[in-house]
Amino acid sequence: MSKSKPSDAAHYDPQVLLNSQPVIVTVIDPVSHRAIFQNQVSLTKFGDISGQTCFEKIAACSAPCVFCKMPEAVRTGRITASEVPLPNDEYLLVQWALAPTTDGRVHVVETITDITQSKRQQKDVEVLNSKLEAANRELVVLNHELTERSLRDGLTGLFHQTHFRDVLNQMFAQFERSGSPLSLLFLDMDNFKATNDTYGHAIGDQVLRAMGRLLDNRESNQEGQQWWRASDVTARYGGEEFAVLLPDTSREGALVFAERLRQRIMAIGLLPELATQQASLFPLTASIGVASFPTDATTAAELLRAADSAMYVAKHAGKNCVKTIARWADTQVAAPVN
């Protein structure tokens, strides 16, 4: 037995329901584009446009509007919609839905909603998101700079010893797997204590800064010729001692590179900020030791010791020269450099 409807069930006048809606509601004949029905909001907005075309009286167009999706709603039977920007920076949302009549005809209900406020809020959110993204990008850059500074020596701008040793260990493991050559240079400025004692630490700091600019692959390639590779790693190892890591470089290639570097170091004393000093110790020189994997070492620690030992060989050979050793475990005899 079917349940009967309660006797006090509410009944509504469709006209009253349509007039209660805060949106513009217009019923349109999709064939002629003429208005059939308007709710009170539509009447207030456009006046009585019954029998007149919607594109002329609602959109002030001489032909069906380019944004009109009423034909699509008729064809598919689905609700269609378009966001319509107005010249005064306002926006309307126009929607179309089928409305079959009791006599078998098909009309379309067109609703128009003012979405200006929501669009403006959306724009505000987009602006805020854009500012947030810019702030995040700036934060990433600042964090990168902060990380870089924590890894670098404050005077020379080169990596400090701790980070350099970490990079060496990581890179050595990589090259050990691949079997590719990896070379290490140790440089020690000659007579640097005498420079500090005679001319003061301010001049000594200028010399170290100049060394930093020479060894920093972020700056040294700006003079027209490629001097450093992006993969090269340089560091202030301590005091006036520096280290250079050359991946994919054999001992022979490292010796050639070290000799070119030695000659460049001699030219540091000609820099304007140093050339004015009447320094008998200039031109500056450095003793350079070279060691390579797999020629001179089988571990990262051995490579460090081999380069350090070769540097001391250069010191004992009279300074201002480049030396290597036959093998770290063997007697430390300097190999000739042609």
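The values are calculated or read from the model by the stated rules, or taken from the named source; none is laboratory data. Remember, it's a predicted structure, so these values are computed and weren't measured experimentally. Positions of Cβ are backbone-derived with ideal geometry, glycine not excepted, and every protein chain shown enters the neighbour counts.
Structure values in brief
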| read-out | value |
| --- | --- |
| Filter result for the condition that a residue is at pLDDT below 90, under 28 Å from the mean Cα position of the chain (by Cα) and outside the structural domain of residue 289 (by TED's automatic domain parsing), over 217, 143 | 143 |
| Residue check for residue 63: free of Cβ contacts under 8 Å to residues at least 60 places away in the same chain and in contact with a strand residue (DSSP E or B) (Cβ under 9 Å, 6 or more places away or on another chain) | no |
| Unique match (being surrounded by 14 or more Cβ atoms within 10 Å (Cβ to Cβ), in contact (Cβ under 8 Å) with a residue 60 or more places away in the chain and over 30 Å from residue 243 (Cα atoms)) among 84, 167, 108 | 108 |
| Within segment 39-58, tally of residues that are in a loop (DSSP other than H, G, I, E, B) and in contact (Cβ under 8 Å) with a residue 12 or more places away in the chain | 5 |
| Conditions (1) farther than 21 Å from residue 206 by Cβ; (2) at pLDDT below 80; (3) of a type in the set (S, T, N, Q); (4) assigned by TED's automatic domain parsing to the domain that holds residue 156: number failed by residue 332 | (4) |
| Residue under evaluation residue 36, criteria (1) at positive phi; (2) in contact (Cβ under 8 Å) with a residue 12 or more places away in the chain, criterion not met | (1) |
| Residue within segment 149-162 that is in the same structural domain as residue 238 (by TED's automatic domain parsing), part of a helix (DSSP H, G or I), under 28 Å from the mean Cα position of the chain (by Cα) and at pLDDT 90 or above present | yes |
| Looking only at segment 250-273, and only at residues there that are over 15 Å from residue 289 (Cα atoms) and not in a helix (DSSP H, G or I), the one that is modelled with the lowest pLDDT | 271 |
| Whichever residue in segment 170-191 is surrounded by 20 or more Cβ atoms within 10 Å (Cβ to Cβ) and among the hydrophobic types (A, V, I, L, M, F, W, C) and, among such residues, is farthest from residue 292 (Cα to Cα) | 189 |
| Cross-chain or 6+ apart pairs with Cβ under 7 Å, segment 174-189 first and more than 30 Å from residue 204 (Cα to Cα) and at pLDDT 95 or above, then polar (S, T, N, Q) and buried (at least 22 other Cβ atoms within 10 Å of the Cβ) | 181/249; 181/292; 182/292 |
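To keep it simple, each residue is scored yes or no on (1) closer than 21 Å to residue 30 by Cβ; (2) in the same structural domain as residue 68 (by TED's automatic domain parsing).
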residue	(1), (2)
81	yes, yes
86	no, yes
91	no, yes
94	yes, yes
113	yes, yes
127	no, no
132	no, no
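Okay, residues lined up against (1) more than 19 Å from residue 178 (Cβ to Cβ); (2) in a helix (DSSP H, G or I); (3) hydroxyl-bearing (Ser, Thr, Tyr):
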residue	(1), (2), (3)
284	yes, no, no
287	yes, no, yes
292	no, no, yes
297	no, no, no
304	yes, yes, no
